[in-house]
Amino acid sequence: MPAAPKIESRDLNLNDLFKDFYSVPDFQREYVWQPENVRKLLDDITDEFGIEGGKAKTPDEEYFIGSIVVFRHGETGKYELIDGQQRLTTCYLVFCVLRDQLEQLKTRSEKLEQMLFGTQANPYTGEDEHLYRLDLQYEDSDRVLEVIGGGKVKVSDIKATTASVAHLIEAHKAIDEFLSEIFQNNPVDLKAFFAMFINRVKLIRIVTPNLSHALKIFETINDRGVGLNAMDLLKNLLFMRVNATQYAELKSRWKDLISLLDKAKEKPLRFLRYFVLSHYEVELPRGELREDQIYAWFQDNTAQTGIDRDPIGFLNELVASARAYAQFADGKNINGLPVQSLANIAALSNRARQHFIMLLAGRNLPDDVFEVLSSQLENLYFCYIITREPTKSFERIFGKWSPLVRATRDQDGMKRFVTEQIVPDLQRRVSGFDFAFDELSLNRVQKYRVRYILAKMVDYVERSAGRTPASMHDLFASSKIEIEHILPEETLLLQGIDGSVVKSAIQKLGNLTLLEKTINASIQNADFDTKRKAYPTSVFLLTQSIAGIPVMGKNTEFNRGVASLQSFDMWNIQTIDTRQKMLRRLARQIWLPLIPETDKDR
């Protein structure tokens, strides 16, 4: 019986470690350390040794920087680096900076150059090969580490062609600034630090017999995906499940995934959470899935996700969901068609993403059914916000409903879902909704949300009257349309009303309307009699109605569309409250259309 492959583990200092050659495989994550990560490593090392004048106060002290996981490539003889590339790359950059600073001081170190590159025999020809000690094979590195290591080009002249290149350049700059500050360009001190750095900074190198073993150890060391490593560990898990012949395909599809999330400006971990909540049965306390639970969930549910039997198929589903996600972020369905409700939600809250759980669950619905789902989500989202539902509960609610949305196929199914789930949920919020609208003002709600509310009301009235309204984008955001205060502060003060009451009243929704900028400029702080003559010139029926309800024929769609509006002969605190209640009833028709208003509500 053949002996089982052995895993070797050695405690090495950097001097011994960099006698060998290392390569970061092309499927690995790029260099991502920020300058603060680099400075922290250097701070920790210098603090540990009590650096003073380039020398350590504690001559026998050693500093441990963790472990790396590698396996030896049979053809090149290099160690393929599976875990630890951020630290090893940073150490290599320290050598580069030390070399550059010493050269600027007209001195050099042959030993230092040996840490950067060396010679080994070609495994096939036996000829000498001059190689860099560390080679980044992934595409985004753009071979820049070779350029830095070669020392023939100023790092400040290198263009940041990718995010990885930018990180490498920034890390080099951070190291350069750190060493300059500590050692004041003293060559003796720099060489003393170099000697200490390579001889007394240590790590454990774990050498596995093959890639599969290396990936498994990487997974174990990283403790089931705790923290921000879940995305990388999921990628690692997929590499463990595919054949070597599928590495190139997996790498390419993973790159597509990251590109799509970048396009959507989305955090990968939030996308993973929403993907899980929208696609699978999630049995967790309170239906929540925290970021530190993501990888553990994938490990425990490889059968449900299909990762075990078809890892490429699972990744294709992940990519398809990310593509849909990017479309949703752009206000479109998966076919690239604009969906007004999605744009409306973005206007209501441009950082809103929780509803994407439901959108992902229903992404393959027919376009017309998806429109209904999106419209209902807009109503839900607005009601949750206006009644101050804690945002963390959105995910729990939407995650609970996702299986029902996934089971929906047509308009009848969507109607059942809305009737059985959404309507009862909204029914519980009616009193809070009415209270919020009766009190709604610019003092209580952000201006952009008040603009959203007025825009939705203008749009609703126009459509109810059979007219084509202005585009929602213009109503939400055009500089040619403004929020008009029907009566300004000065006018109400002249009525002898207490100043604090006035300040509250002028900001209430009942005292606000949308008005074209040209009209608004002509009336500014005029009295109500003057404004009553100007409002009918607005194209918005909601604004026209303040001065008088427009009429068109008898028993027409137009007349029915404006029947719920009110006009006013005078304007004071009482009429502001009256119009506020009228707008609240209008809001019920817009955002709670399936919940009938009772006499009590009026």
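The numbers here are math on the coordinates, done by the rules we state, and not lab data. Please read all numbers here as calculations on a predicted model, not as lab measurements. Ideal geometry is used to build each Cβ from the backbone, glycine not excepted, and the neighbour counts take in all protein chains shown.
Here are some notes:
- Taking amide H as placed 1.01 Å from N in the peptide plane, the amide H of Leu512 sits under 5 Å from that of Ile486, each at least 5 places away or on another chain.
- Here's the list of aspartates and glutamates a cross-link from Lys159 could span, going by alpha-carbon distance under 15 Å and ignoring same-chain residues fewer than 8 apart: Asp140, Asp142, Glu146, Glu170.
- Beta bridges assigned by DSSP with both partners in the stretch 8-221 are antiparallel in approximately 60 percent of cases.
- Checking every one of the trypsin sites (Lys or Arg not before Pro) in the stretch 345-443 against DSSP loop status and a limit of 14 other Cβ atoms within 10 Å picks out Arg351, Arg388, Arg409, Arg428.
- Each peptide in 191-198, 289-296 gets a packing score, the mean of other Cβ atoms within 10 Å over its residues, and the list from highest to lowest is 191-198, 289-296.
- Fraction of the pair-distance distribution of the chain above 36 Å, Cα-Cα pairs, percent: 54
- Label point distance in nm, Lys111-Lys392, each placed 7 Å from Cα along Cα→Cβ: 5.4
- Ascending count of other beta-carbon atoms within 10 Å, so fewest first, for Met552, Met358, Met457: Met552, Met457, Met358
- Normalising by residue count, the stretch 442-591 has a Cα convex hull of 106 Å³ per residue.
- Scalar couplings 3J(HN,Hα) for the stretch 129-146, obtained by applying the Karplus form with A = 6.51, B = -1.76, C = 1.60 to θ = phi - 60°, are 10, 8, 10, 6, 5, 10, 10, 8, 8, 6, 4, 5, 6, 6, 6, 5, 5, 5 Hz; x denotes Gly and Pro.
- Computed log₁₀ I(q)/I(0) - Debye formula, equal Cα scatterers, no solvent, the stretch 8-221, q 0.13 Å⁻¹: -0.74
- Using 0.36 nm per residue and subtracting the Cα-Cα separation, the extra length available between Thr245 and Asp128 on full extension is 39.0 nm.
- Val188, Val207, Val405 arranged by Cβ crowding within 10 Å, fewest neighbours leading: Val188, Val207, Val405
- Fraction of antiparallel bridges per DSSP, the chain only, in percent to nearest 5: 65
- ³J(HN,Hα), Karplus 6.51/-1.76/1.60, whole Hz, each residue of the stretch 353-363, x for Gly, Pro: 9, 4, 5, 5, 4, 5, 5, 5, 4, x, 5
- As a calculated quantity, the FRET efficiency between Glu283 and Gln411 at R0 = 25 Å, using C-beta atoms, amounts to about 0.20.
- Amide H contacts of Phe71 (H built 1.01 Å from N, under 5 Å, at least 5 apart or other chain): Glu80, Ile82, Thr208
- In order along the stretch 29-34, the phi-based Karplus estimate (6.51 cos²θ - 1.76 cosθ + 1.60, θ = phi - 60°) of 3J(HN,Hα) comes to 5, 6, 5, 10, 4, 8 Hz; Gly and Pro are listed as x.
- Relative contact order %, the stretch 8-221, counting alpha carbon pairs below 8 Å whose residues are six or more apart: 39
- For the chain, adding -39500 (n - 2.57) for each run of n ≥ 4 DSSP H residues and dividing by the number of residues yields -16500 deg cm²/dmol at 222 nm.
- Anchor Lys531: aspartates and glutamates whose Cα lies under 14 Å away (excluding residues fewer than 8 positions away in-chain): Glu484, Glu516, Asp569
- Among the listed pairs Lys19/Lys202; Lys19/Lys111; Lys456/Lys480; Lys456/Lys581; Lys202/Lys235, those beyond 21 Å (Cα-Cα): Lys202/Lys235
- Helix axis angle, 430-439 relative to the chain longest principal axis, alpha carbon, degrees: 80
- Added length on full extension, which subtracts the Cα-Cα distance from 0.36 nm per residue, Asp16 to Ile595: 201.0 nm
- Potential extension, Asn572-Leu337 segment - 0.36 nm per residue separation minus Cα distance: 80.0 nm
- Treating r as the C-beta distance of Phe64 and Glu181 and R0 as 25 Å, the FRET efficiency rounds to 0.50.
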